[in-house]
Structure formats: C-alpha cells, structure tokens
Amino acid sequence: MTKVQGMYRALTRDIEVVVEPFYLEEQSDPEDDRYVWGYRIVISNNSGVAVRLVNRYWNITDQNGVVDEVTGPGVVGEQPRLSPGDTYEYSSGCPLDTPSGLMFGHYQMETDEGELFDVDIPAFSLDSPGLLRVLN
C-alpha cells in the first residue's frame, strides 16, 4: 500500500518543481531498519526560454542527522530539455535506515545560450505512517 504525504513546491526563475513523496510499505522492513520512499517530481518551465536539466544535487538527511549527498548528470538517466510551457515528470526513490528524514536539493539547468543556473528542489519530509511527531 502506498501512503501519500502531501505536495511540496518551489519556484526559481519561473521554473516550478513539485514533489510528491510517498512511503513504500511493501519495500520497507522496519524490523531491519529499512524504510523506503518513492517520490514523483514534476518540473514545469513557465519561463520564456528553453532549458535542459544537466545535473542534480540531493541532500538526504535521516532523523539521526546523517547526511547523504548525491550528485550526478540528469535524472533517471535523462537530461530533459524543456521548451517554454513544457513539463517533465519522473519518479524515483530513497531508502533510509531511520523512520523519517528530509530531502532537498537543486537541478542545474542550462539555457540554449549556455547560461547555467540552479533551480531549487523544495525540502520535503519522509515520515513513516504512524510515526508520532512531537513539536516543541
């Protein structure tokens, strides 16, 4: 069963990134400290110029504060080009050793003229279903 947690949005230079994380119960094994989430990302180019997603950067922090940084070319093996008005959607996943965590990052975009700039990926929480959060 898949549990949807909510949607998160960020807007940078009229390029919108929407993230929808979900807990993958069937791939998780809490007794073995394995918690797995999927996330769906939609990138919308609302700007007036075409851009290509050339690189990604992720900061993944578990509930113990352990940080894993992930960088690399493109996403899911692609470097999509988005003309004005285009959207690109993909899904990926993230395992953690703890029942909750946080992810954020950015995509490096390149215009047809060769200008490079970063587009924010909004911070989103990874919380196991049934996890009780205490806010001070």
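General remarks:
- Given the chain, longest segment not containing exposed loop GluC sites (Glu not before Pro) (DSSP; at most 16 other Cβ within 10 Å): 1-112
- A Gaussian network model of the chain, with springs between Cα atoms under 10 Å, assigns the largest mean-square fluctuation among 14, 112, 32 to 32.
- Contact order relative to length of the stretch 40-99, as percent, for alpha carbon pairs under 8 angstrom and 6 or more apart: 46
- Each of residue 97 and residue 112 was given a label point 7 Å from its Cα along the Cα-to-Cβ line. The distance between the two points is 4.8 nm.
- The Cα-based radius of gyration of the stretch 44-136, divided by its Kirkwood radius, gives an Rg/Rh of 1.06.
- Total formal charge among the other residues, if their Cβ is under 13 angstrom from that of residue 71, Lys/Arg +1 and Asp/Glu -1: -2
- R0 of 22 Å, Cβ-Cβ distance residue 71-residue 46: FRET efficiency to nearest 0.05: 0.25
- Probing with 1.4 Å while keeping every protein chain in the model, the per residue accessible area of the chain equals 54 Å².
- By accessible area, using a 1.4 Å probe on protein heavy atoms only, the stretch 4-136 has 45% of its surface on carbon and sulfur.
The values are calculated or read from the model by the stated rules, or taken from the named source; none is laboratory data. All of these numbers come straight from a predicted model, not from anything done at the bench. Please note: Cβ atoms are built from the backbone with ideal geometry, for glycine as well, and neighbour counts cover all protein chains shown. These area figures cover heavy atoms from the full protein model, side chains too; ligands, DNA and RNA do not enter into them. Shrake-Rupley method; radii C 1.70, N 1.55, O 1.52, S 1.80 Å.
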